[in-house]
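Structure first, then comments.
The values are calculated or read from the model by the stated rules, or taken from the named source; none is laboratory data. Note that this is a predicted model, so its numbers are computed, not measured. Ideal geometry is used to build each Cβ from the backbone, glycine not excepted, and the neighbour counts take in all protein chains shown. Accessible surface is based on the protein model in full, side chains and every heavy atom, while ligands, DNA and RNA are left aside. Shrake-Rupley method; radii C 1.70, N 1.55, O 1.52, S 1.80 Å.
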Amino acid sequence: MGVALFLHVLAVVIWVGGMFFAYMCLRPVAASQLEPPVRLTLWSGVFARFFPWVFASIAIILATGLWMVYAVFGGFSASGLYINLMFWLGLVMMLIFLHVNFAPYRRLRRAVEQADWPTGGKALAQIRVLVGINTLLGLLVIIIASGGRYLLQ
Ligand code: HEM
């Protein structure tokens with residue numbers, strides 16, 4: 001349980017912390033200081049480096065989370081409400097990420113390759129909204145999973 005839990009939390013920190021940094025720190029500075037060709041190329045490169053970490057984090061979060069639920073807690077019906085909420089909200093976050101990766105991010109990459117900045121700008125705007133939602137959901141799930149567990153038994 002100890003190893004599963006720390007791997008689980010480590011993967012959560014990498015995913016949610018990375019989104020928080022990208023959304024709250026890098027995005028406003030890049031938006032105010034860089035012209036579209038440089039800004040869109042920067043983001044395409046940043047996502048190319050960050051998304052493999054997100055795929056790895058998701059695999060670890062799912063494997064360790066489901067292992068803890070089934071091997072330690074005895075299934076979802078025997079687990080607390082906070083664990084069930086974590087699972088369903090976590091699945092929503094994972095679906096949002098998969099959509100970002102396979103739809104707008106793919107469009108952004110193609111647009112950058114073709115120097116099509118208006119199309120790239122639209123794709124980046126979609127990614128911004130979806131990453132904003134996922135950052136909020138991630139923080140909410142962390143609240144539910146840590147402090148919230150004492151309120152939601
Ligand atoms: C989607 C599948 C997931 C499953 C099945 C799952 C399951 C679990 C389980 C069983 C625990 C141990 C709870 C305990 O010790 O009482 C746990 C802990 C934790 N989970 Fe998840 N989880 C999932 C996703 C997530 C996501 C997406 C996040 C955050 C974005 C998250 C954040 C945490 C945190 C911070 C803890 C540590 C809580 C603590 O010990 O204080 N989990 N998870």
Worksheet, complete the sentence: Scanning the range 60-75 for residues that are surrounded by fewer than 14 Cβ atoms within 10 Å (Cβ to Cβ) and either among the aromatic types (Phe, Trp, Tyr) or closer than 21 Å to Ile143 by Cα (or both) gives Leu66, Tyr70
Worksheet item: Hey, among Phe87, Phe76, Phe47, Phe102, which residue is farther than 28 Å from Leu5 by Cβ, free of Cβ contacts under 8 Å to residues at least 24 places away in the same chain and among the aromatic types (Phe, Trp, Tyr)?
Response: Phe102
Discussion item. Would you confirm whether or not the range 69-85 contains a residue that is part of a helix (DSSP H, G or I), within 24 Å of Cys25 (Cβ to Cβ) and either of a type in the set (S, T, N, Q) or at pLDDT 95 or above (or both)?
Written reply: no
Worksheet item: (1) open to solvent by 80 Å² or more (accessible area, probe 1.4 Å); (2) in contact (Cβ under 8 Å) with a residue 40 or more places away in the chain; (3) within 10 Å of the ligand (Cβ to nearest atom); (4) under 16 Å from the mean Cα position of the chain (by Cα): which one isn't true of Asn134, the others all being true?
Response: (1)
Worksheet item: When the residues of the range 44-55 are filtered to those that are farther than 20 Å from Leu89 by Cα and open to solvent by 50 Å² or more (accessible area, probe 1.4 Å), which remaining residue is farthest from the ligand (Cβ to nearest atom)?
Response: Ala48
Worksheet item: Within the group Val100, Val112, which residue is among the β-branched types (Val, Ile, Thr) and either within 13 Å of the ligand (Cβ to nearest atom) or under 19 Å from Tyr23 (Cα atoms) (or both)?
Response: Val100
Fill in: The one condition in (1) at pLDDT 95 or above; (2) surrounded by fewer than 13 Cβ atoms within 10 Å (Cβ to Cβ); (3) more than 15 Å from Leu124 (Cα to Cα) that Arg106 fails to fulfil
(3)
Discussion item. Consider the range 94-121. How many of its residues are over 20 Å from the mean Cα position of the chain (by Cα), not aliphatic (A, V, I, L, M) and not in a loop (DSSP other than H, G, I, E, B)?
Written reply: 7
Response to the item:
The one condition Tyr23 fails out of (1) hydroxyl-bearing (Ser, Thr, Tyr); (2) more than 12 Å from the chain's Cα centre (by Cα); (3) within 16 Å of the ligand (Cβ to nearest atom) is (2)
Response to the item:
Filter the range 1-43 for residues that are open to solvent by 80 Å² or more (accessible area, probe 1.4 Å) and outside any helix (DSSP H, G or I); the one that is nearest to Ser146 (Cα to Cα) is Met1
